[in-house]
Amino acid sequence: MAGFVRELERRGGPALRLEQRAAGGVGCVVWDAALVLAKFLETGACPLARRHVLELGAGTGAVGIMAATLGANVTVTDLEELQELLMVNIENNKHLVTGSVRAKVLKWGEDVTEFQPPPDYILMADCIYYEESLEPLLKTLKDLTGPDTCILCCYEQRTMGKNPEIERKYFELLQLDFELEKIPLDKHDEEYRSEDIHIMNIHRKQTNIPS
């Protein structure tokens with residue numbers, strides 16, 4: 001299986017070197033939304049040093065590894081078949097990491113006990129494209145988040161086929177339990193930004209427990 005390397009420049013030193021795979025489905029390349037989110041983290045808008053960070057649907061691990069170079073303690077998660085690629089990319093970039101980073105299997109909708117307590121941040125880049133994965137993803141988000149967890153969800157708005165319908169449904173379901181705030185484009189990295197790539201800042205709705 002051929003691999004090809006994508007370099008992702010960093011403001012504070014050498015670029016990340018991310019192996020991709022020419023075969024093997026959607027998780028095997030660095031998608032534009034992952035670049036936009038990784039570079040947004042570098043702006044410093046979210047303090048990451050010594051924070052507990054979990055990336056869902058990590059694919060190549062680009063976003064989570066960038067967070068680890070900014071001092072976060074990161075767990076990058078994806079399906080079993082992507083673990084080898086995640087391990088390779090962690091190994092290739094470990095000299096740039098100032099926090100920590102490890103890879104683990106997390107299948108959406110399944111038990112998340114081993115990922116507790118709730119992380120400070122959950123990172124997601126381009127995780128909304130299969131209708132059948134929406135319910136399991138939302139269950140995982142509800143199971144993982146605490147009242148102070150910040151979810152950063154970056155996605156490329158797609159107009160083809162069922163994509164708009166899937167997006168609409170995802171945000172409709174999400175808003176039952178979460179508050180959503182769009183991060184303005186002028187807060188994204190000056191270079192790594194695009195009109196059709198959005199970053200959402202998402203928090204659990206505060207439930208008022210009657211006293």
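Observations, loosely collected:
This table checks each residue for (1) under 17 Å from T140 (Cα atoms); (2) buried (at least 23 other Cβ atoms within 10 Å of the Cβ).
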residue: M66; (1), (2): no, yes
residue: A72; (1), (2): no, yes
residue: L79; (1), (2): yes, no
residue: Q83; (1), (2): no, no
residue: L86; (1), (2): no, yes
residue: N89; (1), (2): no, yes
residue: N92; (1), (2): no, no
residue: G99; (1), (2): no, no
residue: K107; (1), (2): yes, no
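- Scanning the range 103-134 for residues that are polar (S, T, N, Q) and part of a loop (DSSP other than H, G, I, E, B) returns a single hit, Q116.
- Extreme residue, farthest from A72 (Cα to Cα), among residues of the range 15-49 that are part of a strand (DSSP E or B) and modelled with pLDDT under 95: R21
- Of all residues in the range 87-105, those satisfying the criterion of being over 15 Å from V5 (Cβ atoms) and not β-branched (V, I, T) are M87, K94, H95, G99, S100, R102, A103, K104.
- Single residue of E91, E81 found to be part of a helix (DSSP H, G or I), out of contact with any helix residue (DSSP H, G or I) (no Cβ under 9 Å at 6 or more places or on another chain), of a type in the set (D, E) and over 22 Å from H198 (Cβ atoms): E91
- Search result, residues across the range 151-197 that are hydroxyl-bearing (S, T, Y), outside any strand (DSSP E or B) and buried (at least 16 other Cβ atoms within 10 Å of the Cβ): Y170, Y192
The values are calculated or read from the model by the stated rules, or taken from the named source; none is laboratory data. No experiment lies behind these values; they were computed from the predicted model shown. Neighbour counts run over all protein chains shown; Cβ positions are idealised from the backbone, glycine included.
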